[in-house]
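Here's the structure we're looking at; comments come further down.
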Amino acid sequence: MTSVHPVRERVPVQVLGGPTVLFEYGGSRFLTDPTFDDPGDYVVPGGSLTKTAPSRVAPADLGRVDVVLLSHDEHPDNLDTSGRALLARVPLTLTTTGGGQRLGKGARGLADWESIVLDRPGGGTITVTAVPAIHGPGPREEVEPVTGQVVGFVLTGADLPTVYVSGDNASLQAVQDIAGRFGPVDTAILFAGAPRFSVLFDGVPIVLDSAQAAEAARILGARRVVPVHHEGWAHFSEGRDDLVAAFTAAGLGARLDLDGSGLR
């Protein structure tokens, strides 16, 4: 078990919209699920997804990005056209095993619990471990044929706080397994929003709803939770107000950091 690190070691996080955040860790800059395309309709098998709000930052304004943590490459609300173009100028993209094969140069797929050790700019290392994520309700063998393979990430390092990036995960059992290996965590970047589709799983959310996100925070022992992927797309059924209500009801309202701490 790792220990929860004090507030003074807070990881700077910039929430950019949708699933996309930029955070600094151990001197390196990590970007999650890059999505920068304009609002509009995006075709997916069996229908379309509607983006309702632009990203808060253009790719050209991001500055240096050392690593992309990509939960999955198959859905446009997690990797869009602008995001794919960005990958070409980022040294390393970590993603699913299937995504690593599809994306080619610069991408590395990681299986559950597989780790990669990265050098820190000022010396020392960062370990990024791929952790389970299931993009829908039910066991992986039933969900993945419908919504595809997804991965989350845990970042650790000597004298660094533990950071968890959930990806599009709907499984609290996966969270329990992750907490058993890495909890308590300092910062949990939780994908939420309770996205629902009537044609999938009888309309049950395919990512955590707000109450589940609060429970995930409790399971992880997370000191701080930055919720993402709950705004900017029409298929989200719960947003900011729902998250605040759920975390408050669970007695965890003080842990909720809706906008991150910026890059100050």
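The values are calculated or read from the model by the stated rules, or taken from the named source; none is laboratory data. Just so you know, these numbers come straight off a predicted model, no measurement behind them. When we count neighbours, we look across all protein chains shown, and the Cβ atoms used for this are built from the backbone with ideal geometry, even at glycine.
Observations on the structure shown:
- From the options 53, 85, residue that is within 10 Å of residue 36 (Cβ to Cβ) and not basic (Lys, Arg): 85
- Taking residues in segment 116-143 that are basic (Lys, Arg), and partners anywhere that are assigned to a strand (DSSP E or B), the pairs with Cβ atoms closer than 7 Å and at least 6 places apart or on different chains are 120/28; 120/126.
- For segment 224-239, the count of residues that are surrounded by fewer than 20 Cβ atoms within 10 Å (Cβ to Cβ) and modelled with pLDDT of 95 or more is zero.
- The criterion of being of a type in the set (A, V, I, L, M, F, W, C) and surrounded by fewer than 17 Cβ atoms within 10 Å (Cβ to Cβ) holds for residue 245.
- Against the test of being surrounded by fewer than 21 Cβ atoms within 10 Å (Cβ to Cβ) and either part of a helix (DSSP H, G or I) or modelled with pLDDT of 95 or more (or both), the options 76, 121, 132, 137 yield a single qualifying residue, 132.
- Whichever residue in segment 98-115 is free of Cβ contacts under 8 Å to residues at least 12 places away in the same chain and not in a helix (DSSP H, G or I) and, among such residues, is surrounded by the fewest Cβ atoms within 10 Å (Cβ to Cβ): 105
- Subset of segment 210-225 [touching an Asp or Glu at 6+ places or on another chain (Cβ under 6 Å) and under 14 Å from residue 170 (Cα atoms)]: 210
- Residue 168 falls short on exactly one of the conditions (1) outside any loop (DSSP other than H, G, I, E, B); (2) touching a Phe, Trp or Tyr at 6+ places or on another chain (Cβ under 8 Å), and that condition is (1).
- All positions within segment 144-157 that are outside any loop (DSSP other than H, G, I, E, B) and either touching a Gly at 6+ places or on another chain (Cβ under 8 Å) or in contact (Cβ under 8 Å) with a residue 60 or more places away in the chain (or both): 146, 147, 150, 151, 152, 153, 155, 156
- Selection of first residues in segment 185-210 that are under 18 Å from residue 245 (Cβ atoms) and in contact (Cβ under 8 Å) with a residue 40 or more places away in the chain and of second residues that are basic (Lys, Arg) and buried (at least 18 other Cβ atoms within 10 Å of the Cβ), restricted to Cβ pairs under 9 Å at least 6 apart or on distinct chains, gives the following pairs, ordered by first then second residue: 205/196.
- Where strands (runs of 3 or more DSSP E) fall wholly inside segment 1-64, the ranges with 1 or more residues that are at pLDDT below 90, farther than 26 Å from residue 184 by Cα and aliphatic (A, V, I, L, M) are 40-44, 47-51.
- Pairs linking a residue in segment 26-51 that is without any contact (Cβ under 8 Å) to a residue 60 or more places away in the chain and more than 30 Å from residue 120 (Cα to Cα) to a residue that is surrounded by 17 or more Cβ atoms within 10 Å (Cβ to Cβ) and among the aliphatic types (A, V, I, L, M), with Cβ atoms under 6 Å and 6 or more positions apart or on different chains, are 42/49.
For every residue, the table says whether it meets (1) more than 15 Å from the chain's Cα centre (by Cα); (2) assigned to a loop (DSSP other than H, G, I, E, B); (3) modelled with pLDDT under 95; (4) among the acidic types (Asp, Glu).
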position: 160; (1), (2), (3), (4): yes, yes, no, no
position: 175; (1), (2), (3), (4): no, no, no, no
position: 179; (1), (2), (3), (4): yes, no, no, no
position: 189; (1), (2), (3), (4): no, no, no, no
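- Top-ranked residue in segment 79-95 [being closer than 23 Å to residue 236 by Cβ, among the polar types (S, T, N, Q) and out of contact with any Phe, Trp or Tyr (no Cβ under 8 Å at 6 or more places or on another chain); ranked as surrounded by the fewest Cβ atoms within 10 Å (Cβ to Cβ)]: 81
- Boolean, residue 104 is closer than 17 Å to residue 29 by Cβ, modelled with pLDDT under 95 and out of contact with any Pro (no Cβ under 9 Å at 6 or more places or on another chain): no
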